[in-house]
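Here the structure comes first, spelled out in structure tokens, and everything after it is commentary.
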Amino acid sequence: MELKKFYQADPHRYDREANLYARCGKSGVLLPRVSLGFWHNFGGIDPYERSRAITHYAFDHGITHFDLANNYGPPYGTAEETMGRLMDDDFRPYRDELFISSKAGYDMWPGPYGNWGSRKYLFASLEQSLKRMHLDYVDLFYSHRLDPQTPLEETLQALVDIVRQGKALYIGISNWPIEQLRIGEEYLRRHDVPLLIYQGRLNLIDRKPIETGILPFCKEKGIGFIAFSPLAQGLLTDRYLEGIPADSRMARGHFLTKDRLTPELMEYVLALKSDACKNKQTTSEAALRWVLAQEGVTSVLIGASSVNQLEQNLKCIDTNK
Ligand SMILES: NC(=O)c1ccc[n+]([C@@H]2O[C@H](COP(=O)([O-])OP(=O)(O)OC[C@H]3O[C@@H](n4cnc5c(N)ncnc54)[C@H](OP(=O)(O)O)[C@@H]3O)[C@@H](O)[C@H]2O)c1
């Protein structure tokens, strides 16, 4: 039988940048200040070898945290399948160096048990995620959104029990409003499964976690905060300064719509670019640096459709500038 050739990670992956990791709240976990998200670019419609190259570059540069969810793709589930393939092809020997998260909360399969926050859904969904990713456990499992119909205690107890079963090491909450977050934090703490992290959208043009008090709350309680869409899906980069490229998220999907390209936004991005240039930075780098500078932010959770983008974005942790 032919032996499978595994990818060899760069032996210097932890040497490059002294400040690559930050403590996640008051936990034992260190997270890279830049984490890699699989929402786009890792699905069944995307070229596997490109996804593979992006993850290799990430891991070779010390990015140990990959963020997934049951519904990432498209189609749904296929980003986790890509992760499973990557585990088999490349990352199995590095499993203990990786911090892999998944989530459940959005519509995943038909019928009354494939959505929201019931115990039935969360348990079944995580089981499916583990099978797709070829993993025995995830490092972090999130409630992806609040379910206003299910008693909070049911969702929270399911999360506690998932940890007790060893299917996840830590619990995170994403997109919950602050009132429910407060209840969740207390419930989980009382059940000895302290909330590790909150995942919320934070970028220069969407500062809700600051305005609603979520970020200060996380800081006060020792909960980590990971900022998703820190580049506003690419708006806070040079991507759309000369039109809408055919291979861009805006051209390809429905999550980023053309109406976001207002004259005000374009003016804002041009000013950001000009300020960034003065500091010898790129637009995306400046946007990421702003998020990382907000008190309480543990990591920026970026997306990338090429190694080149990732390379550019990683400059935001360069402390020599
Ligand atoms: N919890 C939640 O509800 C939730 C919601 C959304 C996201 N997330 C998580 O957050 C992760 C990141 O979200 P996101 O993809 O929206 O993040 P983002 O970093 O704001 O946007 C990533 C996109 O911006 C463009 N881009 C990135 N770097 C660039 C550069 N240097 N120059 C030009 N364009 C650049 C690329 O778009 P092109 O494809 O056009 O090249 C890339 O796909 C997701 O993968 C997921 O893990 C979580």
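Values in this text are rule-based calculations from the coordinates and carry no lab data. For clarity, every value in this text was computed on a predicted model and none was experimentally measured. Note that each Cβ is placed from the backbone with ideal geometry, even for glycine, and that neighbours are counted across all protein chains shown.
Just a few scattered comments:
- The ranking of 212, 78, 283, 298 by Cβ neighbour count inside 10 Å, starting from the fewest, reads 212, 78, 283, 298.
- Summarising the label geometry, the points placed 7 Å from Cα in the beta-carbon direction at residue 23 and residue 265 lie 3.9 nm from one another.
- Candidates 199, 233, 180, ranked by Gaussian network fluctuation over the chain, Cα under 10 Å, top entry: 180
- As a rough footprinting exposure proxy, the listed residues 57, 7, 142 were ranked by other beta carbons within 10 Å of their own, and the order from fewest upward is 7, 57, 142.
- For the options 109, 39, 176, a Gaussian network treatment of the chain with springs between C-alpha atoms closer than 10 Å singles out 109 as fluctuating the most.
- Theoretical ellipticity at 222 nm over the chain - DSSP helices of four or more residues, -39500 (n - 2.57) apiece, nearest 500: -10500 deg cm²/dmol
- A simple charge model with +1 on the Cβ of Lys and Arg, -1 on the Cβ of Asp and Glu and nothing else charged puts the dipole of the stretch 77-139 at about 340 debye relative to its Cα centre.
- The modelled label-to-label distance between residue 254 and residue 157, using points 7 Å beyond Cα along the C-beta direction, is 3.7 nm.
- Distance between the stretch 116-178 and the stretch 220-255 - C-alpha centres, whole angstrom: 26 Å
- The stretch 227-310: GluC sites (Glu not before Pro) in DSSP loop, at most 13 other beta carbons within 10 Å: 242, 295
- Distance between modelled label sites at residue 308 and residue 219, nm, 7 Å Cα→Cβ extension: 3.8 nm
- Rounded FRET efficiency, nearest 0.05, which uses the C-beta distance separating residue 247 from residue 294 and R0 of 22 Å: 0.10
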